[in-house]
1. Considering only the range 155-182, how many residues are of a type in the set (Ser, Thr, Tyr), surrounded by fewer than 19 Cβ atoms within 10 Å (Cβ to Cβ) and assigned to a loop (DSSP other than H, G, I, E, B)?
2. Using beta carbons and a limit of 7 Å, which pairs, at least six apart or on different chains, have the first residue in the range 210-239 and among the aliphatic types (A, V, I, L, M) and the second one open to solvent by 60 Å² or more (accessible area, probe 1.4 Å)?
3. Name the pairs: first residue in the range 276-290 and under 12 Å from Ala232 (Cβ atoms), second residue open to solvent by 50 Å² or more (accessible area, probe 1.4 Å) and modelled with pLDDT of 95 or more, Cβ to Cβ under 7 Å, at least 6 apart or on different chains?
4. State whether the residues of the range 183-192 include one that is closer than 30 Å to Pro38 by Cβ, open to solvent by 20 Å² or more (accessible area, probe 1.4 Å) and without any contact (Cβ under 8 Å) to a residue 12 or more places away in the chain.
5. Taking Tyr296, is it at pLDDT 50 or above, open to solvent by less than 30 Å² (accessible area, probe 1.4 Å) and either outside any loop (DSSP other than H, G, I, E, B) or under 20 Å from Val190 (Cα atoms) (or both)?
6. Any residue in the range 1-27 that is of a type in the set (A, V, I, L, M) sitting within a Cβ distance under 8 Å of a residue that is assigned to a loop (DSSP other than H, G, I, E, B) and open to solvent by 40 Å² or more (accessible area, probe 1.4 Å)? List the pairs, counting only those 6 or more apart or interchain.
7. Give the residue, chosen from Ala151, Ala129, that is buried (at least 19 other Cβ atoms within 10 Å of the Cβ), of a type in the set (Gly, Ala, Ser) and closer than 27 Å to Met44 by Cβ.
8. Scanning for something surrounded by fewer than 17 Cβ atoms within 10 Å (Cβ to Cβ), at pLDDT 90 or above and not charged (D, E, K, R), does the range 99-118 turn up at least one residue?
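The values are calculated or read from the model by the stated rules, or taken from the named source; none is laboratory data. What you are looking at is a predicted structure, and each value in this text was computed from that prediction instead of being measured. When we count neighbours, we look across all protein chains shown, and the Cβ atoms used for this are built from the backbone with ideal geometry, even at glycine. In case anyone asks, the SASA skips ligands and DNA or RNA and just uses the protein heavy atoms, side chains included. Shrake-Rupley method; radii C 1.70, N 1.55, O 1.52, S 1.80 Å.
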Amino acid sequence: MLFSTLTEIQQHIAVGNGTDFNRLKPHILNAETAYICPLLGTEMFAKLQEFFDNPPSAELAEEQKIIGELLKKVQKSLIHLAYWMGFQVLNATISDGGFKRSENEKMKSLFKYQEDELKEYFKNAGFNALDEVLEYLEGNMEQFSDFKTSANWTILKSAFIPDTKTFDSIIFINSSRLTFLRLKSFSGLVEDLSIKPILGEAIFTEIKTEMVKVEVPAKVKNILPYIRKAVAYLSASRLMEESGSDLTEKGLYFESTSAGFKNDRSKQPSNPEQVAALAARYRAIGESYLEQLKSYLIAHPQDWPGYSGQPGNVLRRNNTNRKTFWA
């Protein structure tokens, strides 16, 4: 566990000296299991735990300073998420007689709206701090090579949209790396099911190969904006359709999704009808960009002479003297 004393917690949240650390401990452990470990990965978390358990001497090497700074950022997220997860239990007294609301003559409980706002604060602060963790890891990639090979690395050079900044320039996600990671699987799906059939195998492979080079050919630079806009809007639409939430919900990275606009695991911040309408709008915009991509390819045969003008998955058959019925 990345906390051992109340003093360490007070560096991130101004809790009273009378706070019982043992009451917080299970919620800290739960937050580590639910959020920190899945994001960092087993090896990276073990490295951080080792640093915490065996702190170096006062004279820190540069690498140790970087790990120490990462630990602070992780702790900041961890304690806020722990308070968010354990909010109801910490706000109650559990005895042999059952569950009671914590209250006495000197201290009154918060109003319901105040409780909701405080809980939302802990949640937002926790996930915002996780974004800070990812940004810090990204900015110090050489020192965190073990995380660089993990599934949660935020720079995807082989993808049409390689990083958070590129996606954010098309659709505003508040530079959230958590949101970008949640969109990653949907972006891959759009590449395979929407972009590749339009480009065809040869052009798709050529663009993928050339776009990661130091010197990117002009024709690839020119076509990438059309591809990226289509991928961004269609992947955002797919995520909202599956989750029933908009792109501001950073906790989506850790939530399971189900078909339709229902998610029983968390309170959704957006009106379902508004999310559905926005998802439909994004899908329409994405499909419009697909049409622009086709038009661009047709209009530039000198750059893409192999383009047939037909999607790769179009049904082709000889209909001469044959009747075709579509059910």
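1. First pass over the range 155-182, keeping only residues of a type in the set (Ser, Thr, Tyr): 158, 164, 166, 169, 175-176, 179.
This time we only want the ones that are surrounded by fewer than 19 Cβ atoms within 10 Å (Cβ to Cβ), so: 158, 166, 169, 175.
Then keep just the ones that are assigned to a loop (DSSP other than H, G, I, E, B); that gives 158, 175.
Number satisfying all stated conditions: 2.
2. Val212/Lys157; Val212/Ser158; Leu234/Arg283
3. Close Cβ pairs satisfying both conditions: Tyr289/Tyr226; Tyr289/Lys229.
4. Taking every residue of the range 183-192 in turn, at least one turns out to be closer than 30 Å to Pro38 by Cβ, open to solvent by 20 Å² or more (accessible area, probe 1.4 Å) and without any contact (Cβ under 8 Å) to a residue 12 or more places away in the chain.
5. Working: at pLDDT 50 or above: yes; open to solvent by less than 30 Å² (accessible area, probe 1.4 Å): yes; either outside any loop (DSSP other than H, G, I, E, B) or under 20 Å from Val190 (Cα atoms) (or both): yes.
Considered against the rule, which asks whether it is at pLDDT 50 or above, open to solvent by less than 30 Å² (accessible area, probe 1.4 Å) and either outside any loop (DSSP other than H, G, I, E, B) or under 20 Å from Val190 (Cα atoms) (or both), Tyr296 comes out as yes.
6. Going by the 8 Å Cβ cut-off, the qualifying pairs are Leu6/Asn17; Leu6/Thr19; Ile9/Thr19.
7. Details: Ala151 fails: buried (at least 19 other Cβ atoms within 10 Å of the Cβ).
Result: Ala129 is the single residue among Ala151, Ala129 that is buried (at least 19 other Cβ atoms within 10 Å of the Cβ), of a type in the set (Gly, Ala, Ser) and closer than 27 Å to Met44 by Cβ.
8. So the first thing to find is which residues in the range 99-118 are surrounded by fewer than 17 Cβ atoms within 10 Å (Cβ to Cβ), and the list is 99-118.
The next check asks that each one be at pLDDT 90 or above; those that pass are 117-118.
Filter once more, keeping what is not charged (D, E, K, R): 118.
Yes; the residues of the range 99-118 include at least one that is surrounded by fewer than 17 Cβ atoms within 10 Å (Cβ to Cβ), at pLDDT 90 or above and not charged (D, E, K, R).
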